[in-house]
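Asker: Okay, handing you the structure first.
The values are calculated or read from the model by the stated rules, or taken from the named source; none is laboratory data. Computed from a prediction, not measured in an experiment: that's the story for all the values here. Counting neighbours? That spans all protein chains shown, and the Cβs are built from the backbone with ideal geometry, glycine included.
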Amino acid sequence: MATRATLRREQLGMTREEAAERAGMSVAYLRHLEAMGGDFDPAALMRLAATLEMPYEDLVEGRRDAAPGRSPAAPHPVLMQLTERECWNRLGTHGIGRLGLSTDAGPVVLPVNFLVDARTVVYRTDPGGAAAAPAGSRLAFETDHIDEQLKNGWSVLVTGSADHVTDPDAVRSLSERPGAEPWAGGVRSLWIRIVPARVSGRTIRVATGPR
C-alpha cells in the first residue's frame, strides 16, 4: 500500500503536503503511511484514496485487473529467440491476441480471438469493424504470456497478408472450433486468415547456474 500511495501521488503531480491537506491528515502521518504501510485508520485511508482519485480497494490491496509485468524483473534474465516450430507450439489452437493493421486514421492494435489453422492465424470480425482488413493487406499479429511468479514469459509475432475466408465449408468448420465464439459478442460474420510471411518469437527466463 505504501508504494501504491506514493506512486499515485507522484503520478498526479501532488506534493506530500498537498495530499495530506486534502486528505485531512498531518504530513507526518502521510509520510509514515507512505514509508511503512500497515494497519492505518480506515477512515483516513478512505479520505486518502479519494484524494488520490483511486478506489479504496486499489489503494489497500492493489488492482486485481492490473496489466502484467508490475513485479520487479528477475536479477539475471535471459532473452532467447524461439524457432518457428516453438512459436506455433506456444500459439496452441486458439486464444486471444493483438492484431496490428493500418487504417485511414493511422496504425491501430486491436484484441481479437484467434484460431490456429494449418499454420495460419484466423480471426472473425464485423465486416464493417476496425479489424476488417481488406484482402491482401499487410497485418501483424502478436500474443504472449507472462508468469510473474516465475519471472518468465514468451511472445510470438506473425506478420503476413489478409485472406478472406469465403468457402462455406471452411467457414462452417472454423465456426465449430473451440474458441471460435468471440468474447466481444455481436455479429462477426467475416473470417480473415493471416497468411504468414514471417513467424518469430522470443522467450525470457531466469538464468540458472553460476555467473
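Asker: Looking only at segment 40-59, how many residues end up being of a type outside the set (V, I, T) and assigned to a helix (DSSP H, G or I)?
Answerer: If we filter segment 40-59 for residues that are of a type outside the set (V, I, T), which is where we start, we get 40-50, 52-59.
Keeping just the survivors that are assigned to a helix (DSSP H, G or I) gives 42-50, 56-59.
Final tally of qualifying residues: 13.
Asker: Of all the strands (runs of 3 or more DSSP E) wholly in segment 130-211, which have at least 2 residues that are assigned by TED's automatic domain parsing to the domain that holds T120, among the polar types (S, T, N, Q) and without any contact (Cβ under 8 Å) to a residue 60 or more places away in the chain? Let's see the steps before the verdict.
Answerer: Working: elements: 138-147, 152-165, 190-206.
Ranges flagged: 152-165.
Asker: OK, next. Based on this model, can you work out whether R90 counts as under 14 Å from S155 (Cβ atoms) and surrounded by 13 or more Cβ atoms within 10 Å (Cβ to Cβ)? Show your work before the answer.
Answerer: On the way: under 14 Å from S155 (Cβ atoms): yes; surrounded by 13 or more Cβ atoms within 10 Å (Cβ to Cβ): yes.
Judged against the criteria, R90 is a match.
Asker: Any idea which of G69, G62 is closer than 22 Å to Q149 by Cα and either in contact with a Lys or Arg (Cβ under 8 Å, 6 or more places away or on another chain) or polar (S, T, N, Q) (or both)?
Answerer: So the residue among G69, G62 that is closer than 22 Å to Q149 by Cα and either in contact with a Lys or Arg (Cβ under 8 Å, 6 or more places away or on another chain) or polar (S, T, N, Q) (or both) is G62.
Asker: Count, please, the residues in segment 19-39 that happen to be in a loop (DSSP other than H, G, I, E, B) and surrounded by fewer than 18 Cβ atoms within 10 Å (Cβ to Cβ).
Answerer: Filtering segment 19-39 down to residues in a loop (DSSP other than H, G, I, E, B) leaves 24-26, 37-39.
From the residues that got through so far, the ones that are surrounded by fewer than 18 Cβ atoms within 10 Å (Cβ to Cβ) too are 24, 26, 37-39.
Qualifying residue count, segment 19-39: 5.
Asker: Considering each residue of segment 42-82, count those that are touching a strand residue (DSSP E or B) at 6+ places or on another chain (Cβ under 8 Å) and at pLDDT 90 or above, and give that number.
Answerer: 5
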